[in-house]
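The values are calculated or read from the model by the stated rules, or taken from the named source; none is laboratory data. For clarity, every value in this text was computed on a predicted model and none was experimentally measured. All Cβ positions, glycine included, derive from the backbone under ideal geometry; neighbour counts span all protein chains shown. Side chains are part of the model used for accessible areas, which takes the heavy atoms of the whole protein and leaves out ligands, DNA and RNA. Shrake-Rupley method; radii C 1.70, N 1.55, O 1.52, S 1.80 Å.
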Amino acid sequence: MESPTFNITTLGCPVNQSDSDEVKSHLIACGLVEARADHIADIYIINSCIVTQSAARKTRKEATRARKANKQALICLMGCYGEMLKEELVSKVPELDLIVGT
């Protein structure tokens, strides 16, 4: 049986990159495998930012892209966008399965 694969997309500040690196380390320690950029993943994690409208738009676009890539994947959003505007995300981004803070 193959290990589940994951993909992490990081948008925003250096703190988000650090958080993404930590999540990646934990997932690998649990036996998951990072998907290559050109491969479909079982789990997509989008580490979001709300500092600019551009980052918010990219977050929504990434969720849509992930769902198109694998309709069965778990799509999780983490970061300040989800923490600050969860209701907006629930209504605007139905592709998300899980919204968590950091």
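What the table below lists for this structure:
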read-out: Residue within the range 65-74 that is over 29 Å from Ser91 (Cβ atoms) and either out of contact with any Lys or Arg (no Cβ under 9 Å at 6 or more places or on another chain) or of a type outside the set (S, T, N, Q) (or both) present; value: no
read-out: Among residues of the range 84-100, those that are open to solvent by 40 Å² or more (accessible area, probe 1.4 Å), under 16 Å from Cys49 (Cα atoms) and either assigned to a loop (DSSP other than H, G, I, E, B) or hydroxyl-bearing (Ser, Thr, Tyr) (or both), counted; value: 1
read-out: Subset of the range 26-72 (residues that are aliphatic (A, V, I, L, M) and within 11 Å of the chain's Cα centre (by Cα)); value: Ile43, Ile45, Ile46, Ala63, Ala66
read-out: Residue list for the range 59-83, filter: crowded, with 19+ Cβ neighbours inside 10 Å and assigned to a helix (DSSP H, G or I); value: Thr59, Arg60, Glu62, Ala63, Ala66, Cys80, Tyr81, Gly82
read-out: Where Thr102 falls short, out of the listed (1) at pLDDT 90 or above; (2) of a type in the set (S, T, N, Q); (3) in contact with a strand residue (DSSP E or B) (Cβ under 6 Å, 6 or more places away or on another chain); value: (1)
read-out: Extreme residue, surrounded by the fewest Cβ atoms within 10 Å (Cβ to Cβ), among residues of the range 20-39 that are of a type outside the set (Gly, Ala, Ser) and modelled with pLDDT under 95; value: Asp38
